[in-house]
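The values are calculated or read from the model by the stated rules, or taken from the named source; none is laboratory data. Just so we're clear, the structure is a prediction, and the values are computed from it rather than from any experiment. Here the Cβ positions follow ideal geometry from the backbone for every residue, glycine too, while neighbour counts run over all protein chains shown. Please note that ligands, DNA and RNA were not included when accessible areas were found on the heavy atoms of the full protein model with its side chains. Shrake-Rupley method; radii C 1.70, N 1.55, O 1.52, S 1.80 Å.
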Amino acid sequence: MSTVADKPAAITSRFDPRYEITLYRHVGVDGAHTLEHYRARGGYRAAEKALTEMTPTQVIDEVKASGLRGRGGAGFPAGLKWSFMPPIDGRQRFIVCNADESEPGSFKDRYLMEDDPHQLIEGMLIAGWAIQATIGVLYVRGEYYVAYERMRDAIAEARAAGLLGRGVFATEPDGEGDEATPASPGFDFDIILHRGAGAYICGEETALMNSFEGLRANPRLKPPFPAQAGVYGLPTTINNVESFCSVVHIVERGGAWYASMGTDDSKGTKLYQLSGPVARPGVYEMPMGATFRELIYDLGGGPTEPAKALIPGGSSTPLLPWSDETLDLPMDYGTMARVGSMLGTGGVIVIPESQCMVDAMANVVRFYAHESCGKCTPCREGVATWLPKMYQKLLAGLGTRDDLTLMEEMVRNLRGTAFCPLADACAMPVAASFQHFRNEYEHLVDHGAPKYPTVSRWAE
Amino acid sequence: MKVVVDGVTLDLPPGTSAIDAVFAAGSDVPYFCSQPYMSPIGACRMCLAKVGAPRKDRDGSWILDEETGEPKIFWFPNLMATCTTAVMDGMVVDTRSEPVKAAQNGMVEFTLINHPLDCPVCDKGGACELQDRAYEYGEGVSRFVFDKRHQEKHHALSDLITLDRERCIHCKRCVRYFEEVPGDEVLDFIERGGHTYIGTLEEGLPSNFTGNITDICPVGALLDATSRFRGRNWEYHHTETTSLDDASGSAIVVDGRTGRIERIKAGHHPEINKTWIDDGTRFGHEYADAPDRVRRPLVRHDGRLVETDWADAMDYVAARLTEVNGRDVGIAIRADATLEEGVAARALADHIGTGQLDHAPRPAGGVIAAGGQARLEELAVAGAILVVGDVTEEVPIVDLRIKDALRGVTPPSLFDHGAPIADLRLKERAPRHAEILTVAAPLRVDLMRHAGRAAQYPAGGERAFFHALTALAEGETPADGDLGMPLEAATAAVDGLRKAETAVVVLGGWVLASLQATEAALHFCRAVGAKPMLLGPMANSYGLELVGVAPSHARYAYGGMLTGAKALILSQLDPAIDPAVAERLDKLELLVVHASFLTATAKLADVVLPAAIGYEKDGTVVNLEGRMLPVRAAPVDAGESRDLTGFVKAFGEAAGQRLEGRSVKSARRWLKKGLGVDLDALPEHGGWAPAKRGPARVAVAVHEAPAHGGALRVPTMVRAEVLDRNPHLRAATGGLALGLHPDDAAALKLRSGDEVTVPVAGVPRRLVVRPSEAVPAGLATVPATPDEPVGLVPIDLKQIALERRALEVA
């Protein structure tokens, strides 16, 4: 397992000379969402290279070599996932972009789509070429209306410019004799833009596909995995927005360049999101393996009030207590797993000392309770019904020590028993809060009032 | 594959689910969402178990455990839902260790927190999967101290099914059932999370197969409205028998209590109906207890029917029959009489010495194809199917088996514990191979929604249709218009039938009604190498034709005896609904009616003898495949009702004769001798009827008048002749329908729901107007009954009389 300490040579700092901003280069720049802006800065060169100079297998090999792991939260190696597609057999194949960014604490994909939509289109085009899918499906979270508009306009622009549609990068025959290059028919590829209707579960890949097909957004049974039976039961590969955008740079600059950044098991750069009481919350692009300290202090300007915990990768990841050891942990997949948490989407949330932990967890649970799809028993009855009621009871000052035992048992029962990871997403942070902050729960049930004042967030 | 479950080693075929491995090993895990013949979805999370498997090294050898030297078992990090896990070679399943128990216990607790636990007042109590599993796997105590979810109770999903949303545990069996089995997507989940509930659109449950969801509901959420609040499950007497509702021979379970039938549930016959029955079969039992049921024999004295007993009544019949020449006596029985009753009817005819014996309805084309016919199991795996008729109404189980073929999954092999609990080959929303199915009918029928090709030929054009298809098959160009579909579609259909390994042509009543059409159809089947499946009109049409309950001459057939005989013995038939027939019956020297109800014919009779209905008799029927199936009497109080064997026994006693067929046992002796079948040794799931027919008598075709007229008598899933005695079904269907094209209805100034009386083939029929685009302009549809078999008949729409206007909703 790699850490900053035992691998001093690893690039972990945003300030390393070998590192430059890639994914977020255009974000925050006025007018960056236009095709003109994007092309003027080398846009679609990577796609042209992939489609005209590389075979699909070469693209997949390049992505494999880069070590890119899926940026949607689970961190599955992207190149490996692409290679799971069955051999071409005449059936329609799909490349799906999961832009249903709904995890509380995550907001990176939004700006990618709002300010750099063409980067995503280019990434999907390259991925479509790699798996030989001629239809891309872009499933945008319903609440992201600006992102939707920008993507809609960008797709129209790309179509008008021949970057989507029939014969993308088609070429005429050129030269004579031995030097001649034959004509290429180009690649047929188009993107269907689909808006979600506001359900967190649609971030689960198979629920997303059901939703796209017009069905109820319940997760599907796996196997068959999407590569075997995805959209409309046809071979499908699905990735996150950030993954597609990373592919653009991997193709442009080579897998080796990408793999030179990051740690042993987590390569390249990552968009970390920082929220909570810090001086400069926001999205920061850093090499994999950067530490929390670098993110929170060097870039985020440090906490504005004393902190007691941080959530490392979006609300579903188990929180870590605030300490020097935690702050010096590199933010990569392996390290987070080792300390019992997850990198998730890289959405770091700082929890201040003044925040009642029980209340904070009640907020998290309330979210998952609202978003449970209701398909399986533990999630519908545990996550969506019982657990939020227990928190209500605790916060009303009616809880007992037995209730805490019950909640811990309930959370144990939720772990790994549900149909999809949503129940785990709720159970894990709750379990971590019990592990690190049981004293706050105990204070609440013993005194009938929380140790720290709770903050009302919703108008009654 | 070698699988070890709780220490028991099994050898199972690949593709078996782990839950079936568990049950095959004699172990147990609870489950709510899995259901035989439906896709496993892993939603209830009850069947969790600890599962592990050995792994292979890169060189292909098993990774060995260093201590034991055996292949090392790698346990899955989480407990696995066994219903969605396929067995692997060397897999180990543990259902008994502490973590498994804790998880199962936790799932029961979760499942129960929002369940009302109103078992004492719940109709499912005592037969409830949740109740059983909660006892077996639950803690017995709930730690949930909050208000339970409150949702609608007593919600009428339809006139036949009541939903209690608080009891629902969201197993999704009912929702999946509609999509997977009949393919009628009429029910779905609404809302999400803890608020999820099942519901429909405004139209209720438009499907012929809705009642099955009450069987498969693991709790008391979905209940059969006909049996709600009628009894507790442990009070019911369950009788496993065969449905006499149609020719499918579906297995049913009749639940009776204190001498009354309270409900019917689907039985399990893996090769016929699996675990499904249609709504007509399930809900159409209330007539057994109708107020006008005849419970004692009646003899006419001074113009009035007076109650008496069987001995008295039969003395009277025997005495009066001596006054008539035996040859002038006609005997007709309904085509759902059992084989044994058929023997009894033959014995009676032989004793009286008449050739005027028939069963009705008996289609001109017969119901047994020479050279064999398709079995339902063949239909379910057929690679090409042509249906001529409306099977969804005629024999609904055939419709379901066609849908099995569309899904393309072969029937599962059975375990000792029955059909696989989780057949991993079945998937939700599986693609359907509509291209293998062609459906033809003179009007738009429901199965056409699922068919790759639909043909609408002119009414009465069955013979021409098959001639045209045969011409195509023989490379000729058929006459225009006979096919009812484009030439390319017909060519594709014919090619499909010819090329398929198993091809089946299903012939409905409209084809069988005509001998010529039937012959044309069978000729076509031979031309393309397809197997015919003939849909007999009633439960034992096949058997009665086999036994030879048939006249000795064409003019002695049922229709002929109604005009020619001087005395008639009619069992369960009601020809007097036709006023012209009634007039003739009134002049007979003797009219003996064996009937369950005081029908129009019974009212004219000299003697009325109470007849047992299908649930009240023992015997055997032969279904449309030629499979002999047992009929068993439920313990029902039907007064002095008897079946025909009882009739013949009483008659023999009065006449001083021991007639063959005087009891089921006696009839079976005759069948053993005559047909070579030993019905006392009939296997549980029935046996194949012999190809050989009964001795002596030969089935003779009835005289075939050319079909003409403006009304098509159509088969109905609900039995039209008893619909008024089935209050729930009557409410659900809205009464017997007069189908008209909307333009025709408008021209007659009729609205949907208007009640009218209209003469159809001379019979005044009271019907409810149902304008429908499915009916072609210029044609009217009316429901068929045993006395008014399917086919094209005249209708006098000029004489239509409006009896009651439909209520107009502002």
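Could you check how many residues of region B:178-206 are over 21 Å from B:Glu152 (Cβ atoms) and either within 11 Å of chain A (Cβ to nearest Cβ) or touching a residue at least 40 places away in the same chain (Cβ under 8 Å) (or both)? So the answer is 6.
Which of the residues spanning region A:241-260 are over 19 Å from the mean Cα position of the chain (by Cα) and crowded, with 24+ Cβ neighbours inside 10 Å? Break it down into steps so the answer makes sense when it comes.
Let us first name the residues in region A:241-260 that are over 19 Å from the mean Cα position of the chain (by Cα), namely A:251-257, A:259-260.
Within region A:241-260, A:Val251 is the sole residue that qualifies.
On the stretch given as region B:673-682, residues that are under 20 Å from B:Ile252 (Cβ atoms) and either of a type in the set (Lys, Arg) or open to solvent by 70 Å² or more (accessible area, probe 1.4 Å) (or both) total 0.
Taking each residue of region B:299-323 that is polar (S, T, N, Q) and looking for partners that are surrounded by 12 or more Cβ atoms within 10 Å (Cβ to Cβ) and not in a helix (DSSP H, G or I) with beta-carbon atoms closer than 6 Å, six or more apart or interchain, yields B:Thr308/B:Pro297; B:Thr308/B:Val299. Taken over region A:167-208, the criterion of being open to solvent by less than 40 Å² (accessible area, probe 1.4 Å) and either on the phi > 0 side of the Ramachandran plot or away from chain B (no Cβ under 14 Å) (or both) is satisfied by A:Gly167, A:Val168, A:Phe169, A:Gly186, A:Phe187, A:Phe189, A:Ile191, A:Gly198, A:Gly203, A:Leu208.
For region B:26-118, which strands (runs of 3 or more DSSP E) that fit wholly inside it have 1 or more residues that are touching a residue at least 24 places away in the same chain (Cβ under 8 Å), closer than 25 Å to B:Phe415 by Cβ and more than 14 Å from every other protein chain (Cβ to nearest Cβ)? Explain how you work it out, then say what you get.
On the way: elements: B:48-54, B:73-75, B:91-94.
Hits in region B:26-118: B:48-54, B:91-94.
Tally the residues that are closer than 16 Å to B:Asp350 by Cβ and part of a strand (DSSP E or B), restricting the search to region B:293-336. Adding up the residues that qualify gives 5.
Filtering region A:423-431 for residues that are surrounded by 17 or more Cβ atoms within 10 Å (Cβ to Cβ), over 24 Å from B:Lys101 (Cα atoms) and outside the structural domain of A:Gly203 (by TED's automatic domain parsing) leaves a non-empty set.
Would you say B:Glu755 is modelled with pLDDT of 95 or more, in contact with a Lys or Arg (Cβ under 8 Å, 6 or more places away or on another chain) and loosely packed, with under 14 Cβ neighbours inside 10 Å? I'd like the intermediate steps shown before the answer.
Values: modelled with pLDDT of 95 or more: yes; in contact with a Lys or Arg (Cβ under 8 Å, 6 or more places away or on another chain): yes; loosely packed, with under 14 Cβ neighbours inside 10 Å: no.
For B:Glu755, the condition - modelled with pLDDT of 95 or more, in contact with a Lys or Arg (Cβ under 8 Å, 6 or more places away or on another chain) and loosely packed, with under 14 Cβ neighbours inside 10 Å - is not met.
Residues checked against (1) more than 30 Å from B:Ala251 (Cα to Cα); (2) surrounded by 24 or more Cβ atoms within 10 Å (Cβ to Cβ); (3) assigned by TED's automatic domain parsing to the domain that holds B:Glu625; (4) touching a helix residue (DSSP H, G or I) at 6+ places or on another chain (Cβ under 6 Å):
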| position | (1), (2), (3), (4) |
| --- | --- |
| B:Lys274 | no, yes, no, no |
| B:Gly284 | no, no, no, yes |
| B:Tyr287 | no, no, no, yes |
| B:Asp309 | yes, no, yes, no |
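Select from region B:724-752 the residues that are in contact (Cβ under 8 Å) with a residue 60 or more places away in the chain and touching a Lys or Arg at 6+ places or on another chain (Cβ under 6 Å) and list them in ascending order.
The initial filter retains those residues of region B:724-752 that are in contact (Cβ under 8 Å) with a residue 60 or more places away in the chain, namely B:725-729, B:731-732, B:739.
Answer for region B:724-752, where residues must be in contact (Cβ under 8 Å) with a residue 60 or more places away in the chain and touching a Lys or Arg at 6+ places or on another chain (Cβ under 6 Å): just B:Gly739.
Take residues that are closer than 20 Å to B:Ala539 by Cα and tell me which of the strands (runs of 3 or more DSSP E) falling wholly in region B:170-285 contain 2 or more. Spell out how you get there, then give the answer.
On the way: elements: B:188-190, B:197-199, B:222-224, B:237-242, B:251-257, B:260-266.
In region B:170-285, the matching strands (runs of 3 or more DSSP E) lie at B:237-242, B:251-257, B:260-266.
Among the residues of region A:321-345, none is identified as without any contact (Cβ under 8 Å) to a residue 40 or more places away in the chain and part of a strand (DSSP E or B).
Taking (1) outside any helix (DSSP H, G or I); (2) within 9 Å of another protein chain (Cβ to nearest Cβ); (3) over 30 Å from A:Gly70 (Cα atoms) in turn, A:Ser354 satisfies each apart from (2). The one condition from (1) at pLDDT 95 or above; (2) open to solvent by 10 Å² or more (accessible area, probe 1.4 Å); (3) in a loop (DSSP other than H, G, I, E, B) that B:Leu624 does not meet is (2). Among the residues of region B:124-132, not a single one is open to solvent by 70 Å² or more (accessible area, probe 1.4 Å) and part of a loop (DSSP other than H, G, I, E, B).
Here is a yes/no grid of residues against (1) surrounded by 24 or more Cβ atoms within 10 Å (Cβ to Cβ); (2) touching a helix residue (DSSP H, G or I) at 6+ places or on another chain (Cβ under 6 Å):
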| site | (1), (2) |
| --- | --- |
| A:Gly334 | no, no |
| A:Arg338 | no, no |
| A:Ser341 | no, no |
| A:Thr345 | yes, no |
| A:Ser354 | no, no |
| A:Phe367 | no, no |
| A:Ser372 | yes, yes |
| A:Pro378 | yes, yes |
| A:Leu387 | yes, yes |
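Within region A:209-224, if we keep just the residues that are facing another protein chain (nearest Cβ under 9 Å) and of a type in the set (A, V, I, L, M), the residue that is least open to solvent (accessible area, probe 1.4 Å) turns out to be A:Ala217. Within region B:511-557, the residues that satisfy the criterion of being more than 13 Å from B:Ala369 (Cα to Cα), open to solvent by 30 Å² or more (accessible area, probe 1.4 Å) and not small (Gly, Ala, Ser) are B:Gln516, B:Pro537, B:His553, B:Arg555, B:Tyr556.
Restricted to region A:162-279, the set of strands (runs of 3 or more DSSP E) holding at least 1 residues that are farther than 24 Å from A:Gly43 by Cβ comprises A:187-195, A:236-240, A:269-275.
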